[in-house]
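See below for the structure under consideration.
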């Protein structure tokens, strides 16, 4: 596989860090949206994770003339009928901080017992080539929502997400980056994508 340039269609430092780590062993020159300050981010108007990931990947591929990778991901809480879902990053408002989103979610789950706080992180990744060819992959990470934030690793809802792999004793923010990348929804989606990548790139 010859070395190619790949643009990560995000300015989110947490996502950039995770994606770079997960793609580190591939023959890719990795750039990010931060390397193209003249390009505005598209409006995420999709109703699904797929919609938003596709919007972002296509936008950045066409704007930069490079292969672009975009993910859209979020937290689905069963007791809230799947919310916050695609609104995960904006749950407490358009410019909400991670802390504000966490606070709103925990308030809405205040009277829900632990066994009914089932949830999952879902991630859809789209890899888009400027010629119009694209790939899709998806990953899911099951767990529970904790009563209060714990840990300082990760970002977003990680401090309140209790993965099932550790018998719900540790939050995602208490895991090392290496362990989280192996188990996470984004990591699983990238593993699925990588299996399709050689044939996709050979066909370009």
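The values are calculated or read from the model by the stated rules, or taken from the named source; none is laboratory data. These numbers were taken from a predicted model, which means no experiment stands behind them. Note that each Cβ is placed from the backbone with ideal geometry, even for glycine, and that neighbours are counted across all protein chains shown.
Quick notes on this one:
- Listed by first and then second residue, the pairs linking a residue in region 155-169 that is more than 11 Å from residue 145 (Cβ to Cβ) to a residue that is assigned to a strand (DSSP E or B), with Cβ atoms under 7 Å apart and 6 or more places separating them unless they lie on different chains, are 163/141; 163/143; 164/142; 164/143.
- Filtered by the rule that a residue be out of contact with any helix residue (DSSP H, G or I) (no Cβ under 8 Å at 6 or more places or on another chain) and part of a helix (DSSP H, G or I), region 16-41 gives 20, 35.
- Cβ separations smaller than 6 Å between residues 6+ apart or across chains give the following pairs from region 1-28 residues that are under 14 Å from residue 69 (Cβ atoms) to residues that are in a loop (DSSP other than H, G, I, E, B) and modelled with pLDDT of 90 or more: 5/66; 7/66.
- If you go through region 42-66 and pick out every residue that is in contact with a helix residue (DSSP H, G or I) (Cβ under 9 Å, 6 or more places away or on another chain) and part of a loop (DSSP other than H, G, I, E, B), you end up with 8.
- Number of residues in region 86-110 that are within 15 Å of the chain's Cα centre (by Cα) and either outside any helix (DSSP H, G or I) or surrounded by fewer than 17 Cβ atoms within 10 Å (Cβ to Cβ) (or both) equals 2.
- Filtering region 154-176 to residues that are at pLDDT below 90 and assigned to a helix (DSSP H, G or I) leaves only 166.
- Filter result for residue 113 (farther than 18 Å from residue 88 by Cα, touching a helix residue (DSSP H, G or I) at 6+ places or on another chain (Cβ under 6 Å) and surrounded by fewer than 21 Cβ atoms within 10 Å (Cβ to Cβ)): no
- A single entry from 22, 75 fulfils the requirement of being surrounded by 17 or more Cβ atoms within 10 Å (Cβ to Cβ) and within 30 Å of residue 115 (Cα to Cα): 75.
- Test: residue in region 78-85 that is crowded, with 17+ Cβ neighbours inside 10 Å and assigned to a loop (DSSP other than H, G, I, E, B): yes
- Only one entry of 131, 137 meets the criterion of being within 19 Å of the chain's Cα centre (by Cα), touching a residue at least 40 places away in the same chain (Cβ under 8 Å), under 30 Å from residue 28 (Cα atoms) and not in a helix (DSSP H, G or I), and that entry is 137.
- All conditions in (1) in contact with a helix residue (DSSP H, G or I) (Cβ under 6 Å, 6 or more places away or on another chain); (2) within 12 Å of residue 44 (Cβ to Cβ); (3) touching a residue at least 60 places away in the same chain (Cβ under 8 Å) hold for residue 74, with the sole exception of (3).
- For residue 185, the conditions (1) crowded, with 21+ Cβ neighbours inside 10 Å; (2) out of contact with any helix residue (DSSP H, G or I) (no Cβ under 7 Å at 6 or more places or on another chain); (3) over 30 Å from residue 5 (Cα atoms) are fulfilled apart from (3).
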